[in-house]
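The values are calculated or read from the model by the stated rules, or taken from the named source; none is laboratory data. Bear in mind the structure is a predicted one, so any value in this text is a computation, not a measurement. Positions of Cβ are backbone-derived with ideal geometry, glycine not excepted, and every protein chain shown enters the neighbour counts. With ligands, DNA and RNA removed, areas are computed over all heavy atoms of the protein, side chains included. Shrake-Rupley method; radii C 1.70, N 1.55, O 1.52, S 1.80 Å.
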Amino acid sequence: MELKAIRASGLSWAGRQQGDGRLGVELGKSVVFQESNRETRVDVKESVRGQTIFIIQTIPRDVNTAIMELLVMAYALKTSCAKNIIGVIPYFPYSKQCKMRKRGSIVCKLLASMLAKAGLTHIITMDLHQKEIQGFFSFPVDNLRASPFLIQYIQEEIPDYRNAIIVAKSPAAAKRAQSYAERLRLGLAVIHGEAQCSESDMADGRHSPPCVRNTTGHTGLELPLMMAKEKPPITVVGDVGGRIAIIVDDIIDDVGDFVAAAEILKERGAYKIYIMATHGLLSADAPRLIEESAIDEVVVTNTVPHEVQKLQCPKIKTVDVSMILAEAIRRIHNGESMAYLFRNITVDD
């Protein structure tokens with residue numbers, strides 16, 4: 001059976017690298033465009049009946065348009081009798097909205113349901129913000145890891161990396177940092193204190209039942225009063241003096257926390273500071289803030305297009321992960337085991 005790959009939009013690593021080079025196949029014939037009223041229209045130019053189709057969709061800055069293109073493309077293939085429709089989504093959008101906040105919603109779960117309804121039967125992605133997101137889907141999800149590529153970059157591109165220390169910018173990121181430290185045989189440091197605001201500390205804020213007590217009738221149960229959290233002064237657990245500090249995380253978008261962490265590490269004696277992350281969203285004025293900060297280098301993969309940000313900030317470097325994504329496509333198409341892509345990979349990676 002012929003392998004067909006169709007791109008929706010925002011192609012960052014496919015096209016020339018993946019389509020023509022890694023797999024030796026051309027992209028399928030399709031057109032995705034917007035009408036004058038911004039409605040998304042898809043036109044598939046060849047027969048897909050009974051075929052396994054891979055939709056390659058990276059997520060550019062216009063996230064909602066990219067999602068709509070993916071949904072419309074999947075539905076067009078479904079109604080054209082495609083056998084399997086597999087989404088290749090290196091960065092899964094809305095993955096940070098995977099927990100209940102106040103009276104909001106778990107948007108990541110909503111998106112998973114929409115993709116299933118549109119016709120997707122499988123997803124290939126990379127470094128989900130929380131591993132539990134896989135449970136939102138009613139079909140298989142292959143959550144690939146970028147850590148082998150980032151670790152290889154550290155070993156090959158950072159001089160004297162043996163004098164480095166892996167840093168978690170908050171206690172919530174300690175597991176990922178510990179995994180890197182153990183693989184590189186390096187020490188571990190954790191930043192903790194009032195400057196940090198992790199997702200786990202965000203108030204639920206539903207305030208139900210209301211705080212005002214009704215004096216007539218039943219007053220309700222007297223529940224224990226929880227004291228508000230109070231962060232201790234900023235602390236770096238671990239010695240970074242005279243060392244290269246390598247901060248690791250999965251997403252770098254709003255760089256304020258990273259810039260603040262870099263300043264703290266400089267004060268504690270670190271002489272070089274690197275940031276390693278899988279998804280370089282780098283929104284708003286992130287390139288300028290990085291350029292003006294104590295950060296020496298920001299290393300991200302090409303799961304998200306960031307060519308404009310690189311032009312604005314020479315400190316941003318890119319690691320190519322197209323190899324593992326292309327291999328995942330080949331193995332799924334041929335019905336081969338995916339275990340090879342997860343060898344020596346732990347849950348914390």
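A compact table of results
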| read-out | value |
| --- | --- |
| Candidate set: region 131-160, residues that are among the aromatic types (Phe, Trp, Tyr) and open to solvent by less than 30 Å² (accessible area, probe 1.4 Å); chosen: the one farthest from the chain's Cα centre (by Cα) | Phe139 |
| Exclusive hit being of a type in the set (Ser, Thr, Tyr), over 15 Å from Ala5 (Cα atoms) and at pLDDT 90 or above, set Thr65, Thr52 | Thr65 |
| Number of the condition not met by Ser105 [criteria: (1) in a helix (DSSP H, G or I); (2) over 14 Å from the mean Cα position of the chain (by Cα)] | (1) |
| Any hit, region 285-301, residues being within 30 Å of Ala82 (Cβ to Cβ) and at pLDDT 95 or above | yes |
| Qualifying residue in region 333-349 (condition: within 20 Å of Ile154 (Cα to Cα), touching a Lys or Arg at 6+ places or on another chain (Cβ under 6 Å) and charged (D, E, K, R)) | yes |
| Residue within region 247-259 that is acidic (Asp, Glu) and over 16 Å from Ser170 (Cβ atoms) present | no |
| Test: residue in region 109-127 that is open to solvent by 40 Å² or more (accessible area, probe 1.4 Å), part of a loop (DSSP other than H, G, I, E, B) and at pLDDT below 95 | no |
| Complete set of residues in region 136-164 that are out of contact with any His (no Cβ under 8 Å at 6 or more places or on another chain) and among the acidic types (Asp, Glu) | Glu156, Glu157, Asp160 |
| Options Lys175, Lys96; residue that is touching a His at 6+ places or on another chain (Cβ under 6 Å), closer than 17 Å to Thr278 by Cβ and open to solvent by 30 Å² or more (accessible area, probe 1.4 Å) | Lys96 |
| Subset of region 128-172 [of a type in the set (S, T, N, Q), farther than 30 Å from Gly187 by Cα and not in a loop (DSSP other than H, G, I, E, B)] | Gln134 |
| For Lys4: the one exception among (1) within 27 Å of the chain's Cα centre (by Cα); (2) among the basic types (Lys, Arg); (3) at pLDDT 70 or above | (3) |
| Residue list for region 83-93, filter: open to solvent by 10 Å² or more (accessible area, probe 1.4 Å) and either within 20 Å of the chain's Cα centre (by Cα) or basic (Lys, Arg) (or both) | Lys83, Tyr91 |
| Selection from region 218-253 of residues that are farther than 30 Å from Phe92 by Cα, among the β-branched types (Val, Ile, Thr) and touching a strand residue (DSSP E or B) at 6+ places or on another chain (Cβ under 8 Å) | Ile234, Thr235, Val236, Val237, Val240, Ile244 |
